[in-house]
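In what follows, a structure is listed as structure tokens, so that the remarks can point back to it.
The values are calculated or read from the model by the stated rules, or taken from the named source; none is laboratory data. A quick note: this is a predicted structure, and the numbers were derived from the prediction, not measured. Glycine gets a Cβ as well: all are built from the backbone with ideal geometry, and neighbour counts include every protein chain shown.
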Amino acid sequence: MSMKEHKQVTINQFVSIQFKRDSPKYLQIAQYIAEGIADNTLPRGAVLPPIRTLADALSVNSVTVVKAYEELKDRQLIHTRRGSGVYVGRHGSPANNTTLQDELYRNEDIELMGDPDVVIPPEALNLATSTPSTDLFPVSAFTASLNAVLERDSGDAFSYDESGGYYQLRETASELLRKRYGVQSSGSDIQVISGAQQGIDIAAKALVQPGDAVLVEDPTYSGAIAVFSSRGAKIITVKQLTGDSVRRACSAYRPKLIYCMSDYQNPTARSFSLDERREILQAARSFGSYIIEDDYASDLRYDQKEPVAVMKSLEDPLDGRVIYIKSFSKILMPGLRIGFLVPPGAISRQMLQAKHLSDIASSGLIQRAFEHYLRSRSWEDHLQVMITQYGERYDACCTALNQLTRLGCTFSPPGGGLHLWITLPETMSARRVYQQAALKGVIITPGEVFRAGSHFHDHAIRISIAACRPEDIQRGISILADVMSSKIRSTIHPFI
């Protein structure tokens, strides 16, 4: 078949996919398509189904299909054309001259550097991932909770719970959210979700139609951008969310959703002041927009300052605007895939329906074990361990970054969270720094991974402290400084 014929692949060719539990669904979809390409069932030049169409047909999240297509692009089996579709490309494996850092770089289109499915060489110093190192996982304490639940509930622990989640967990979550975060909600208000990514997807499914505007910061978490794009949203960007910028954007575009991380934003690590939170809330309320507040790191505060109230706790309960997402992947164990979503009452039913369409219900055993774990002293003890451990890594990182400031880099210590956002001199390309550092065994994240609009952020990098011990962070930044220094000394021309 010639490339000009562009045969449309029908959904019927995908209905035979039977998902197994031993690998991620996106990899199974990618493998199914790859096999079809290999045996010419999916011929060169064929047009694959749109993301949403395939996701609906397979009853999976749109993000799952996005990741499957990204995997196939990494293998050079498909390619996309803006405004046209996804096409089967050439057969075969990636070019022989593809290097390690090129492979890693291409995998980052939806921030796969923070995705546990991406394999980083074990000898590399990984200053890119947000996933905590496994030595910090509370395995023994959580195993005790699992055993206690199995002994208590027997076979009931493996039954389906309602879509909103195991009710006792929702009641326990209500108490936790009220005491620790000031969020006033009953158990019936809370939905148990499989991590923040699913929470964002649920909100988008419930509220966003093709062409609807969604307001985000640029740069921002690229997993959220992937979700909104998969819904056909029009992405509106501002450099920073403030009362003024939100009012101007809302006046011009009337966004259905505003996505933000009010504490230690990923990737910039910036936090909103109390006044900014109130002003953003007021602006959203004035124009009828909803806010997704992605709270993944408000617990991780190292500077001893008083925490600022989360936006959900500041809203008018009679006119709720905030869809609050509380996740635990950066505090507990990411593989648990569990978190809480608290929507405004007016859209609670819509959100629950969207959750049901996503996966019917989260794991009953994990929910019951997590509820037991939260009620035990183990939760509070572990949180303090994480704050101490991450705090030591944070301090080591801030100290080591003085090596980069002497080379013209700048950063603002955020006082918490998992990331530091480093601005490079204009003569340095973040992508080139990333590539050269990867060759030396240090993995960082270049700023353009988090691009939400037209700005490329090629003079910024993100360094994460989640996966490396203090001494490894210091060693990695020393190597990074050597890379930058050698490039500065070796060229008169801009580092591009």
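Please specify each residue of segment 195-210 satisfying the condition of being closer than 14 Å to Met351 by Cβ and polar (S, T, N, Q).
Initial filter on segment 195-210 (closer than 14 Å to Met351 by Cβ): 198-208.
If the condition is that a residue be closer than 14 Å to Met351 by Cβ and polar (S, T, N, Q), then Gln198 is the only one that fits.
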If we scan segment 226-245, do we find a residue that is under 18 Å from His457 (Cβ atoms), surrounded by fewer than 21 Cβ atoms within 10 Å (Cβ to Cβ), out of contact with any helix residue (DSSP H, G or I) (no Cβ under 8 Å at 6 or more places or on another chain) and β-branched (Val, Ile, Thr)?
-> yes
Out of contact with any Leu (no Cβ under 6 Å at 6 or more places or on another chain), acidic (Asp, Glu) and in the same structural domain as Val208 (by TED's automatic domain parsing) - does that describe any residue in segment 382-403?
-> no
Restricting the first residue to segment 284-303 and requiring it to be at positive phi, which pairs with a second residue that is surrounded by fewer than 19 Cβ atoms within 10 Å (Cβ to Cβ) and not in a strand (DSSP E or B) meet a Cβ separation below 8 Å and a spacing of at least six or different chains?
-> Gly288/Arg254
Can you name every residue in segment 20-46 that is surrounded by fewer than 15 Cβ atoms within 10 Å (Cβ to Cβ) and free of Cβ contacts under 8 Å to residues at least 12 places away in the same chain?
-> Lys20, Arg21, Asp22, Ser23, Glu35, Asp39, Asn40
Any residue in segment 326-344 that is modelled with pLDDT of 85 or more and in a helix (DSSP H, G or I)?
-> no
Flag for Asp482 being surrounded by fewer than 17 Cβ atoms within 10 Å (Cβ to Cβ) and in a helix (DSSP H, G or I) | yes
Using the structure shown, decide if Gln209 is out of contact with any helix residue (DSSP H, G or I) (no Cβ under 8 Å at 6 or more places or on another chain), under 28 Å from His356 (Cα atoms) and surrounded by fewer than 22 Cβ atoms within 10 Å (Cβ to Cβ).
-> yes
Of the listed residues (Gln350, Gln367, Gln389, Gln384), the one being surrounded by fewer than 20 Cβ atoms within 10 Å (Cβ to Cβ), closer than 30 Å to Ser133 by Cα and touching a helix residue (DSSP H, G or I) at 6+ places or on another chain (Cβ under 8 Å) is Gln389
Considering every residue within segment 395-409, establish whether at least one is at pLDDT 90 or above, of a type in the set (Asp, Glu) and surrounded by fewer than 18 Cβ atoms within 10 Å (Cβ to Cβ).
-> yes
Return a yes/no flag: does segment 354-375 have any residue that is among the hydrophobic types (A, V, I, L, M, F, W, C) and not in a helix (DSSP H, G or I).
-> yes
Residue that is surrounded by the most Cβ atoms within 10 Å (Cβ to Cβ), among those in segment 252-282 that are more than 24 Å from the chain's Cα centre (by Cα) and over 24 Å from Pro317 (Cα atoms) = Tyr253
For segment 126-173, how many residues meet the condition of being aliphatic (A, V, I, L, M) and surrounded by 22 or more Cβ atoms within 10 Å (Cβ to Cβ)?
-> 5
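Residues are listed down the side, and each one gets a yes or a no for (1) modelled with pLDDT under 95; (2) assigned to a loop (DSSP other than H, G, I, E, B):
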{"position": "Ile292", "(1), (2)": "no, no"}
{"position": "Asp303", "(1), (2)": "yes, yes"}
{"position": "Glu306", "(1), (2)": "yes, yes"}
{"position": "Leu318", "(1), (2)": "yes, no"}
Within the bounds of segment 277-286, is there any residue that is modelled with pLDDT under 95 and either aliphatic (A, V, I, L, M) or touching a strand residue (DSSP E or B) at 6+ places or on another chain (Cβ under 9 Å) (or both)?
-> no
Please state which one of Arg349, Arg432 is in a helix (DSSP H, G or I) and without any contact (Cβ under 8 Å) to a residue 12 or more places away in the chain.
-> Arg349
